[in-house]
Each structure stands twice: as C-alpha cells, then as structure tokens.
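The values are calculated or read from the model by the stated rules, or taken from the named source; none is laboratory data. In this text, all values refer to a predicted model and were calculated from it rather than measured experimentally. Methodologically, a virtual Cβ is constructed for each residue, glycine included, from the backbone with ideal geometry; neighbour enumeration extends over all protein chains shown. For accessibility, only protein heavy atoms count, side chains too; no ligands or nucleic acids. Shrake-Rupley method; radii C 1.70, N 1.55, O 1.52, S 1.80 Å.
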Amino acid sequence: MNTSNQTLNDVLAPPKPSFGGVLKQRLFNTPLDAVITIVCAGLLFYLLYNVIDWAFLSSIWKAEDEPLCRDATGACWSVIDARHRIIMFGLFPFEEHWRSTVACVVMILTIVLSCVPWFWSAVRLGLLWILGFGTFYILMHGGIFGLTEITPERWGGLALTLFIFAAVSIIGMPLSVILALGRRSKLPVIAKMVGLFIDFFRSLPLLTILFTAAVITPFLLPGWLQGDKLYRVIVGFAIFFACYQAENIRAGLQAIPPGQDEAGLTLGLSYWQRVGRIQLPQAFRNSLPAIVNQFVITFKETSIVTIVGFFEILASGSAAFGTGQWTAHYIEVYVFIGLIYFIFVFSLSRYGAYLERKLRVGHG
Amino acid sequence: MADNKQSNTPAVSMSAVNKWFDDFHVLKDINLTVADGEKIVICGPSGSGKSTLIRCICKLEDHQRGSINVLGTELNDDIANIDEIRREVGMVFQQFNLFPHMTVLENCTLAQTLVRKKSRKEAEAIAMGFLEKVRIPEQANKYPGELSGGQQQRVAIARSLCMNPQILLFDEPTSALDPEMISEVLDVMVSLAEEGMTMVCVTHEMGFARRVADRVIFMDEGEIVEENDPMTFFDHPENERTKLFLGQILAH
C-alpha cells in the first residue's frame, strides 16, 4: 500500500506552492518589497477603517429630525429613511407609489426572465416583452381599470430609469443588428448609407441627440408622429445605442471565417437562415464582452435624460436633498443611489461573465 | 422528375467557361462534362484554378463567360432559385467549416429541418444514419471543437450527405489534416464512390485517384492541360507540365 502510494506520488505533478509561500515570494521577496507591502497595507486599512467608521460605527440610522444628525461625525442615514420615496419615485403621485413599485418589479422580472435561455426565441421573447411592457405601461400610465391617469412627465425615480434602459435596449438591439448587417451588405449603396448613418450619429454627443429629440423634432414632425416627449427621447437614445452596438456586432461578424457562410450556402440555406442560425449566434459570442459593455454604459447613461427634464433616479435623488432640511446630506443620498446602480450594473456584468462561460462550450 | 433529368442530362457540363479575379484570368476556356455517377479527380499546382472551378459549380464563385449547367439548369444571375440547385450539390471544404456553436448532430439536422422541412425527429434519424456511415455516431452530441480534424471532416461529409445531394464536390478535403487522419477520410470517400455518388474531387491523393476516379484532370494556369483515365494519366502522361507536376508530387 505504502509503496504503491510512493510510486503514484512520483508520477504526480509537483504540489502547488502553499498560500504562505506564494505570499512571501510575491510580497516580501526583498526588503524593498516588504516596505512597499507594509505601507500599502497600512494605507488600505486606514482608508477601509475610515469608510467603515463613517458608514457604520459613527453613523446615525434613525433620527426623528435632521438637527439630531448635526453632531454626528458619521453618515446620517436617516435622510434615506425620510426621503426614500422621492428618490425612488420622483414626482409620481404619493398615493400611487404602489403602482410604480409593482411596475419596477414587473420590469426587473421581465429583464431577468429574458436572460434565461429558455426564453431565447423570437416568439417567447416577443410575448414576454409585450406582456412586461404592457403591464408596466398600464400600471404607470393608468387611465384604465380604474387607475388614475399619470402622464410620463410625472414618472420618475427607479421606474423611469428602468423603463428608459429597457426600452432603449429593446428598440436598440434589433436596430443594431439591422445596422450591422446593412453595413456589411454586398450592395455598395446600402453599405455606404448605413455606414454614413452610423458614423453620423456616433459623431454627435448623446446630449445633442436627446435635446434634438425632445425640443426640435416637434417642429419637424407632424403632430400625430410626435408622440410624447419621453418616447421621442427614448427613440433618439435607442438610435445612439444602436449605432455603437452595431459596431460591436459587426466586429463579431467580421471575425467569422468566410467558410461558415459558404457552408451555409452549399447546404441551400437562405440569407436570413444563414444570418439567424450561423452568423448572428457566432457574432454575439465573439463580441459578447463589448456588447455587455455597451449595456453597462447605457444603464448608467440613462441619468443624462435629466437634462431634458426627466426625473430619473439620479435627478430624483438630487431633488431629495435639494430642498428643505437635508441639504447637508447629499453624500449619503449619492451613496444610496450609487448602491442601486451598482446592484443593477454588477448583476449585468456577472450575467455577462456567466454567458461567456456558457457559450464557450466546446471551444476549449 | 429529378431522376428523369439524371438519365438524360449530364450532372455538370461546363462550356467555354472563363473567370477573372479583377485582371487575373483564373479560368480559361474550361470545357468539362461530368456524367451522372461519374467520379472525377482534379489536380494541379496551387493557383491553377482547380478550387475556383469546383466553387463555380455550386456558384460560390461567379463565372463571367461561358455556360455552366448543373443538373439541367443553367447557372446565371437570372435564376432566383440558385438555392434549389445548391441544395442538390453538396460541398466538402478543406477547412471542414462545421458550425462551431452547434453539436455534431445539430450540424447535420440544421439544413434538413430548414430547407427540406423535415421534422426534427426524422432529421435526427437521417443524421444518425449518416454519422454511422462515417463511423462516428458516438460523437453526435459533442461540439466540433472537441473532435480531431479527421473526425470533423467526416462529420462535414455526413452533413452534406444528409441533404441527399445528387453531386458531391470535394475541395482538398484532406489537405488540412494530420497525416494519420487522412486515410479515415479517404475510406469514407471511397465507400461513397463505390455506392455510385457523382463526385468531383480536388485532391492530391493520387492513391485515391487511381482507385476510384473515372477520369483525372490536370489543371495549370487556369487551363485543363490533360484529361485521361487514371491508368494512362499516371503511367503515360502526355503533356510536359503534367509530367513535371507528377514528378514533383510522386518524388518521395
């Protein structure tokens, strides 16, 4: 038994170095290394301690009134307790906040469900989003089923942020696929025109596009085509999003060897069959990191709509401390909003990482 | 109806076909007829236009002059039903070109369900039949990236066969393979030939050519230089360029 173990050990790979060994080799190899390590570690602990002290040890969680916070050296979290309704709901009528809450849950559920592979067919995704958007719209807008009507100008907070993000994604993704395919068209006219379209919108700041959509298009479009300001802004945003995303997808398409399409051709597949079954699945896999990146950027960029007068969550937050007694506690409000952004964007990034692992099946 | 056509018309007939890549005259006055059930091997130095020639047969390349008839239908820009001819002509590529995001089985069923409108169950049964024929049914649920080159090429052949093509084109099917994998692919091709499949193969596997070809065609600089039955072609080549080429590839 012992001897057989011995021989087995001989052919096994050498043991991995111990944790302590790695630490010593990496961080304390020379006296200078040791000094740098100790200084950096000291700095890190100092910063961490201060943050923890501010956020937890010296903070006040529950105060009846703002003045009680004035003597505290730490955070005054009671501002969140007192003003969270404005942060989360903006200008939405107080007694209807439940509608906005349910609408948020519906939207989050729709987004999460569309990340589940089972839903990945045009029919299922389509149904899911029609249902999701429909429920969201009925809850937010009202006007039927005995719900009072609330026009989009009064939507705000998290619900508005989620709505803009979801709507921009759902309009922008199909558009980006069409633009990417168009720019690779064999017909020079189409390729050139799509290329010009993409380069034109990419060259403009998002701010300009949103301003144009909100303020200038009403002068250019007939009344029945204008729609609400919110929808014009979303369409403008979606075009901007699609132009960037199209280039990501195009990069993924370029990376596919031409033999893939030729194999599809010789099997008798039509253009759309080759695009749908062979090119796009591979393009999405190729440029997944860049595609997720664009979603992350877009989620955070939704805050820019405040400039054309919408109270999405960041603007609602500013309103929460901007008036009355809580003016001094903007840091707490921003930390709170930052956390909300973090939860969404971090989940998105982790989902992207999961997708990359899942799609790498069979690719070593 | 297709059977009727087969007995009367050749599988492929090319007459006075010319093709240019920009200024480069890649095919010069090609005349070639492939009878139903015939096996043809095309060889020649690289750049001689042999791959371009068979790519013209399934219209992966356009020709500029002359005419190409495949299964009784002329290939030109007017025909909207080019896909219909393509699905009767299978092609096996040097680089296999399997779809990497699909399993072996999905590779074989995709076109059956989309183009032939077969049910998934039926398509899978046909696919398994051909995977057994190329002797890798046990790999059906793996992805192409998990297979060796020889296995991938056999899957590619099975994928083509699933469409029940009337002509099978091979574009240097063994050139990208490690030497020990070449014979497993050639064995499959030989058994196909013995079953009477119409085949046009661009290959330098001269043993294969001797064994199965009805005719061997030698191309150089875009022309068909020599064309003969394998015995005569290898043992008594007529043209100087053929002799030089055969000397080079058979030297060792």
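The figures follow:
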| quantity | calculated |
| --- | --- |
| Accessible area in the full protein assembly, largest first, 1.4 Å probe, for A:Arg250, B:Arg159, A:Arg357 | A:Arg357, A:Arg250, B:Arg159 |
| Distribution of pairwise C-alpha distances over segment A:151-363, 5 Å bins, in % | 1, 7, 12, 15, 16, 14, 12, 9, 6, 4, 2, 1, 0, 0, 0 |
| Probe 1.4 Å, accessible area per residue of chain B, Å² | 43 Å² |
| 20 Å Cα-Cα reach of B:Lys243 towards lysines, excluding residues that sit fewer than 8 places from it in its own chain | B:Lys50 |
| Chain B, relative contact order in percent, only Cα pairs under 8 angstrom and at least six apart counted | 25 percent |
| Surface accessible to a 1.4 Å probe, per residue, for the residues of segment A:151-363, Å² | 45 Å² |
| Candidates A:Leu27, A:Leu43, A:Leu253: whichever shows maximal mean-square fluctuation once chain A is modelled as a Gaussian network with Cα springs under 10 Å | A:Leu27 |
| Rounded Å value of the spacing that divides the Cα centres of segment B:131-179 and segment A:277-349 | 49 Å |
| Rounded to the nearest 20 debye, dipole of segment A:151-363 from Cβ charges on Lys, Arg, Asp, Glu | 640 debye |
| Residues of type lysines that B:Lys142 reaches as a straight line, Cα spacing below 25 Å, ignoring anything fewer than 8 places off in the same chain | A:Lys358, B:Lys117, B:Lys118, B:Lys121, B:Lys133 |
| Listed residues A:Asp228, B:Asp36 arranged by accessible area, highest first, probe 1.4 Å | B:Asp36, A:Asp228 |
| Relative contact order (%) - segment A:205-294, alpha-carbon pairs under 8 angstrom, separation at least six | 30 percent |
| Straight-distance crosslink candidates among aspartates and glutamates, where the alpha carbon sits under 18 Å from A:Lys186 and sequence neighbours closer than 8 are dropped | A:Glu247, A:Asp261, A:Glu262, B:Asp22, B:Glu61, B:Asp62, B:Asp77, B:Asp78, B:Asp83 |
| Using alpha-carbon coordinates, inclination of helix B:120-133 to the longest axis of chain B, degrees | 50 degrees |
| Principal axis dimensions, the protein assembly as shown - Cα atoms, whole angstrom, descending | 108, 84, 48 |
| Long-range HN-HN contacts of B:Val26 with modeled amide H, under 5 Å | B:Lys19, B:Trp20, B:Phe21 |
| Dipole-positive endmost among A:Leu269, A:Ala246, A:Gly172 within chain A (Cβ charges, Cα centre) | A:Leu269 |
| In Hz, Karplus ³J(HN,Hα) per residue of segment B:188-195 (6.51, -1.76, 1.60; θ = phi - 60°; x = Gly, Pro) | 4, 5, 4, 5, 4, 4, 5, 7 |
| Percentage of interatomic Cα-Cα distances in segment A:69-129 larger than 14 Å | 69 percent |
| Total accessible area lost when B and A pair, probe 1.4 Å, Å² to nearest 100 | 2000 Å² |
| J(HN,Hα) series, segment B:149-158, from Karplus relation 6.51 cos²θ - 1.76 cosθ + 1.60, nearest Hz, glycine and proline x | x, x, 5, 4, 5, 5, 4, 4, 5, 4 |
| Derived scalar couplings ³J(HN,Hα) [segment B:103-110; Karplus, 6.51 cos²θ - 1.76 cosθ + 1.60; whole Hz; x for Gly, Pro] | 5, 3, 5, 5, 4, 7, 9, 3 |
| Accessible-area composition of segment A:237-342, carbon plus sulfur, in percent [1.4 Å probe] | 66 percent |
| For B:Phe170, distant residues with modelled amide H under 5 Å away | B:Val92, B:Val200, B:Cys201, B:Val202 |
| Sequence of A:Trp326, A:Trp118, A:Trp77 when ordered by accessible area, the most exposed leading, probe 1.4 angstrom | A:Trp118, A:Trp77, A:Trp326 |
